[in-house]
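The next block holds one structure in the form of structure tokens; read it before the comments.
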Amino acid sequence: TSDEYGQTLSSGTATDSDSANLVLALPMNGSSGGTTFTDYSATIKGSGSAKTVTPLGDVKTSTVQSKYYGSSGYFDGAGDYLTIPASSDFDFGTGDFTVEFWMFRTALTSYATIIDNNYGTSPNFLLQTSTSLGQRWRLYLNGISLSITEGSDHSLDTWHHYAVVRNGAGSNNVVIYRDGTSVATGTFTGNVGNASVVYGIGARPDGT
């Protein structure tokens with residue numbers, strides 16, 4: 001771990017007894033210009049196998065900006081993305097799920113994809129930006145069955161925490177949280193995720 005100035009406080013990967021359902025953990029930690037992206041989910045759970053993360057384009061780790069660990073993943077918006085192999089772990093079905101990340105945006109881009117799990121057809125899980133919505137996000141689940149948008153703009157050049165959550169509890173509410181505050185809500189009861197397709201982070205898996 002590191003402090004807000006990037007100074008190392010401690011090292012190593014801690015286990016977590018509440019992480020039984022964790023399927024991917026990408027801190028994107030590394031040296032300046034590094035091209036290794038490691039999944040720590042198995043280490044944190046204490047079981048299972050890490051997923052292979054493949055960098056494409058010139059995506060890299062950078063020490064210029066950091067929220068934790070002294071570095072972050074740098075995507076310049078021109079062909080940079082990661083792929084994660086198909087896995088049954090990503091088939092959330094009709095159950096609850098949480099997808100979360102920290103983000104430091106430096107500019108607006110049209111339809112910039114954060115996560116997608118299909119190759120140019122109707123995605124089962126897609127989270128992307130849209131300049132037509134200012135600095136906001138759009139979420140699609142199971143094609144176009146659900147589209148919810150952030151209700152207010154976030155700041156550029158600032159770290160923000162986002163969490164996309166479905167909590168059943170009889171309502172199947174889908175909520176996007178920004179920095180712990182709900183900024184968009186919707187309802188979706190269908191299947192989410194797909195065990196047979198590759199996931200892309202930063203683009204569709206085909207690079208779009």
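The values are calculated or read from the model by the stated rules, or taken from the named source; none is laboratory data. It should be emphasised that the depicted structure is a prediction, and the values quoted were computed from it without experimental measurement. Cβ sites come from the backbone with ideal geometry, for glycine too, and all protein chains shown count toward neighbours. These area figures cover heavy atoms from the full protein model, side chains too; ligands, DNA and RNA do not enter into them. Shrake-Rupley method; radii C 1.70, N 1.55, O 1.52, S 1.80 Å.
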Checklist line | the range 101-120 residues near the modelled residue 165 label - backbone nitrogen below 13 Å, point 7 Å along Cα→Cβ | finding: 101
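Tell me, what % of the accessible area of the chain is carbon and sulfur with a 1.4 angstrom probe?
46 percent
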Margin query: Before I look further, what does the chain give for accessible area per residue, probe 1.4 Å, in whole square angstrom?
Written below: 51 Å²
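Using a cut-off of 15 Å between beta-carbons, work out the net charge of the residues near residue 153 (Lys and Arg +1, Asp and Glu -1, residue 153 not included).
Residues close to residue 153 contribute a combined charge of +1.
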Notebook entry, point to check: What number comes out for the charge environment of residue 74, summing +1 per Lys or Arg and -1 per Asp or Glu over other residues with Cβ under 10 Å away?
Noted result: -2
Check: Sorted by mean Cβ packing within 10 Å, highest first, what order do the peptides 153-166, 23-36 take?
Finding: 23-36, 153-166
Next item on the list: Take the Cβ-Cβ distance between residue 152 and residue 122 as r, set R0 to 25 Å, and report the resulting FRET efficiency rounded to the nearest 0.05.
Entry: 0.30
Item checked: Mean ellipticity per residue at 222 nm, deg cm²/dmol - from DSSP H runs of n ≥ 4 across the chain, formula -39500 (n - 2.57) -> -500 deg cm²/dmol
Next item on the list: Let me know the charge dipole size of the chain about its Cα centre in debye, to the nearest 20, where only the beta-carbon of Lys, Arg (+1) and Asp, Glu (-1) is charged.
Entry: 240 debye
Checklist line | Structure-derived mean projected area of the Cα convex hull in nm²: which label, when the choices are [x] 11.3; [y] 10.4; [z] 11.9 | finding: [x]
Notebook entry, point to check: Around residue 191, with a cut-off of 15 angstrom between Cβ atoms, what is the net charge of the other residues, counting Lys and Arg +1 and Asp and Glu -1?
Noted result: -2
